[in-house]
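The structure under discussion appears below in the form of structure tokens.
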Amino acid sequence: MKSYATLVLLGVVVVATVIIIALMYQIWIAGPDDARITEAKVRTQVDNIQWYSTAYKIAFVAVLGVLLISVLLISYSVAKSRLKKAAVHTYKIGKHNEVVVHEKDLSIAAPIAMGLMNAEQLKQMNGGVERAFELYTKMAEAQAKQIQSLVGRRGVTPQPGGANISGPFQESPELPAAEGTPIPSFQELVQAREIAPGKLMILGYENGIARRGSFLDIYSAAVAGESGSGKTATLLFLIGSGLISSSIRFCGIDPHYPHPKSLGYKTKPLWEQGLMTMATYKDDMLAVLNEIERTIDRRLKQLDTDTTPVVLVIDELAFLAKTSIGGAMAHTMERISTEGRKCAVYMLASSQTWLVSRTGDSSVVRDTLTSAFVHRIKPKQANLLLQDKEEADKVKRYIKQAGDVLLCPVNDESVICRMPFTTEADMQAVAKLVGPGSIDITPQPEQHGTQTSLSETQEQKRLPDATTAPKQLSAPLEPDLLTVAILREQMEASPLGKEAWQKQLAEASGVSESLVQKILRGEKRLTKRTAKKIAPCLFPDEQSSNDKA
């Protein structure tokens with residue numbers, strides 16, 4: 001309407017200007033006419049005087065009408081503009097809060113109100129409360145002056161603590177103030193007795209508040225995330241808190257020991273004190289899997305009435321799934337997921353990738369998991385694991401830092417959590433606090449006349465029992481488990497010296513000595529073909545003793 005009124009006024013001004021210019025031209029610029037021309041004009045005017053008289057009357061009425069219409073349009077526009085400025089808009093924030101904003105303040109308040117509405121919507125999403133409060137706080141800090149100009153002059157009393165948001169912008173009681181709340185570390189939780197015998201475990205911190213539960217909430221859990229996202233720290237936290245609060249019996253599998261960043265290395269203070277089992281070689285891993293299934297069988301048959309939770313912890317799941325123990329591991333995982341809950345046998349499985357091609361060409365390994373701790377990970381991997389686009393989107397949008405997790409418990413909605421910082425030093429503290437030998441990790445004896453739970457090859461009818469500490473191989477090293485770290489460890493331990501050991505290994509395996517040296521220096525990759533040649537040549541003493549036996 002404003003643009004239409006402007007055009008009408010512009011038209012009136014143009015017409016008036018043209019008339020004035022024409023009159024000025026006729027009066028000032030036109031020179032004296034010839035007498036005959038003047039006489040002819042007078043005669044013509046006399047002849048047309050009636051027509052001009054009528055035309056002048058019509059023109060006068062038209063101009064007057066245009067002026068009146070212009071006045072009406074201008075009056076209407078001014079009145080509408082004033083009414084619009086006096087109008088108010090209502091923004092609904094949550095279920096019980098509304099914000100009333102005048103039209104003149106709309107340009108200031110609209111971004112704030114929209115931000116609050118978005119924050120409320122995020123809060124109502126499962127696990128979105130941290131993100132909602134972050135948006136809420138940033139909006140308040142960035143536009144504090146605008147908020148004051150909007151509501152401050154209406155007699156709003158500032159809130160205690162220096163907050164500038166008040167009145168309709170007060171924080172909703174449904175939205176706890178978690179932004180900036182520090183998450184206590186494992187050590188601080190132990191000192192404050194938040195982790196103590198008899199207390200429920202802490203599964204994570206949701207919006208700054210401890211979310212407690214037990215392994216019944218995560219009885220078959222994936223611990224997913226890319227490198228550096230906090231997977232190992234999460235495993236350490238669950239192991240440490242489980243040992244203190246519930247005396248849980250943990251049985252670990254880690255193919256990357258003795259690497260300093262491996263789970264086996266960081267839990268060394270625990271399994272050295274006999275507080276958990278850690279298997280790092282093939283035979284020991286198979287023995288652990290066999291012991292887990294034997295425990296399930298004995299408890300289901302009520303031969304073992306012990307209700308102490310037993311948790312299988314698998315690190316580097318994708319790597320192990322492609323080795324020769326992958327089938328046995330998948331079988332045990334499936335049994336834990338389907339039968340373990342009835343007899344207090346649970347599982348934690350950690351991996352970076354969840355592609356079927358990277359987990360033994362089978363989705364069984366992935367599909368047996370019923371819950372998850374999802375750290376920062378690629379969206380494709382999150383979607384493969386969670387099998388839910390909305391859940392995968394939460395990981396993409398909210399899981400940004402190391403320690404952030406999307407906790408997906410059993411029979412409950414997923415939530416965004418943070419995991420307390422946990423280190424190897426904390427495991428040493430746990431070992432001292434719990435005390436050596438306070439947890440019985442002795443394998444159950446196998447009943448005569450019964451079959452083992454795992455069906456391996458014909459030659460492997462019975463598996464050796466797992467011990468509390470990683471043992472040396474009692475058989476040739478599995479090529480799939482051979483790493484450069486193992487080669488270096490054997491070279492350092494050899495009494496022959498580095499050069500003599502490399503030469504002897506090259507002669508025995510048929511691999512060139514230069515290639516062995518490059519592999520040890522990290523210049524060449526240890527391929528599967530080379531590993532198959534080298535593996536049988538390691539640990540000759542143990543192999544010869546096995547042959548004699």
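The values are calculated or read from the model by the stated rules, or taken from the named source; none is laboratory data. All figures in this text were calculated on a predicted structure; none of them were measured in a lab. No Cβ is skipped: glycine too gets one built from the backbone with ideal geometry, and neighbour counts run over all protein chains shown.
Hand me the list of helices (runs of 4 or more DSSP H) wholly inside segment 262-338 holding 3 or more residues that are of a type in the set (D, E, K, R) and in contact with a helix residue (DSSP H, G or I) (Cβ under 8 Å, 6 or more places away or on another chain). Talk me through it step by step, then tell me what you get.
Working: elements: 263-266, 268-272, 282-300, 317-321.
Because the criterion is at least 3 residues that are of a type in the set (D, E, K, R) and in contact with a helix residue (DSSP H, G or I) (Cβ under 8 Å, 6 or more places away or on another chain), the helices (runs of 4 or more DSSP H) in segment 262-338 that meet it are 282-300.
Working carefully through the options Asn164, Asn207, find the one that is in contact with a Pro (Cβ under 7 Å, 6 or more places away or on another chain), modelled with pLDDT under 90 and either within 30 Å of Asn290 (Cβ to Cβ) or surrounded by 18 or more Cβ atoms within 10 Å (Cβ to Cβ) (or both).
Details: Asn164 fails: either within 30 Å of Asn290 (Cβ to Cβ) or surrounded by 18 or more Cβ atoms within 10 Å (Cβ to Cβ) (or both).
Going through Asn164, Asn207 in turn, just one is in contact with a Pro (Cβ under 7 Å, 6 or more places away or on another chain), modelled with pLDDT under 90 and either within 30 Å of Asn290 (Cβ to Cβ) or surrounded by 18 or more Cβ atoms within 10 Å (Cβ to Cβ) (or both): Asn207.
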Problem set entry | Among the residues listed as Arg299, Arg335, Arg341, Arg294, the single one being in contact (Cβ under 8 Å) with a residue 12 or more places away in the chain, basic (Lys, Arg) and under 21 Å from Cys408 (Cβ atoms) | Arg341
Exercise. Would you pick out the residues in segment 248-263 that are basic (Lys, Arg) and touching a strand residue (DSSP E or B) at 6+ places or on another chain (Cβ under 8 Å)?
Worked result: Arg249
For this session: Only residues that are assigned to a helix (DSSP H, G or I) and either among the acidic types (Asp, Glu) or free of Cβ contacts under 8 Å to residues at least 60 places away in the same chain (or both): list them for segment 428-442, please.
Result: Lys432
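Going by what's in this entry, would Thr452 be described as over 38 Å from the mean Cα position of the chain (by Cα), farther than 17 Å from Pro255 by Cβ, surrounded by 14 or more Cβ atoms within 10 Å (Cβ to Cβ) and modelled with pLDDT of 75 or more?
Numbers: over 38 Å from the mean Cα position of the chain (by Cα): yes; farther than 17 Å from Pro255 by Cβ: yes; surrounded by 14 or more Cβ atoms within 10 Å (Cβ to Cβ): yes; modelled with pLDDT of 75 or more: no.
Spelling it out, it is not the case that Thr452 is over 38 Å from the mean Cα position of the chain (by Cα), farther than 17 Å from Pro255 by Cβ, surrounded by 14 or more Cβ atoms within 10 Å (Cβ to Cβ) and modelled with pLDDT of 75 or more.
Those residues that are of a type in the set (S, T, N, Q) and surrounded by 10 or more Cβ atoms within 10 Å (Cβ to Cβ), I need them from segment 33-52; list them, please. Let's see the steps before the verdict.
Our first condition is that a residue be of a type in the set (S, T, N, Q); within segment 33-52, this holds for 38, 44-45, 48, 50.
Result: Thr38, Thr44, Gln45, Asn48.
Return the residues of segment 227-247 that are under 24 Å from Glu334 (Cα atoms) and out of contact with any strand residue (DSSP E or B) (no Cβ under 7 Å at 6 or more places or on another chain); say none if nothing qualifies.
Taking segment 227-247 as the starting set, the residues that turn out to be under 24 Å from Glu334 (Cα atoms) are 231-232, 234-236, 238-239, 242.
Within segment 227-247, Thr232, Leu236 qualify.
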For this session: Take segment 281-292 and flag every residue that is surrounded by fewer than 22 Cβ atoms within 10 Å (Cβ to Cβ) and of a type in the set (D, E, K, R).
Result: Lys282, Asp283
Exercise. Would segment 62-84 turn up any residue that is in contact with a helix residue (DSSP H, G or I) (Cβ under 6 Å, 6 or more places away or on another chain), of a type in the set (Lys, Arg) and modelled with pLDDT under 80?
Worked result: yes
For this session: Give the residues of segment 213-236 that are of a type in the set (Gly, Ala, Ser) and part of a loop (DSSP other than H, G, I, E, B), sorted by residue number.
Result: Ser214, Gly225, Ser227, Gly228, Ser229, Gly230
Exercise. Can we say Leu407 is farther than 22 Å from Ile202 by Cβ, touching a strand residue (DSSP E or B) at 6+ places or on another chain (Cβ under 6 Å) and either at pLDDT 85 or above or surrounded by fewer than 18 Cβ atoms within 10 Å (Cβ to Cβ) (or both)?
Worked result: no
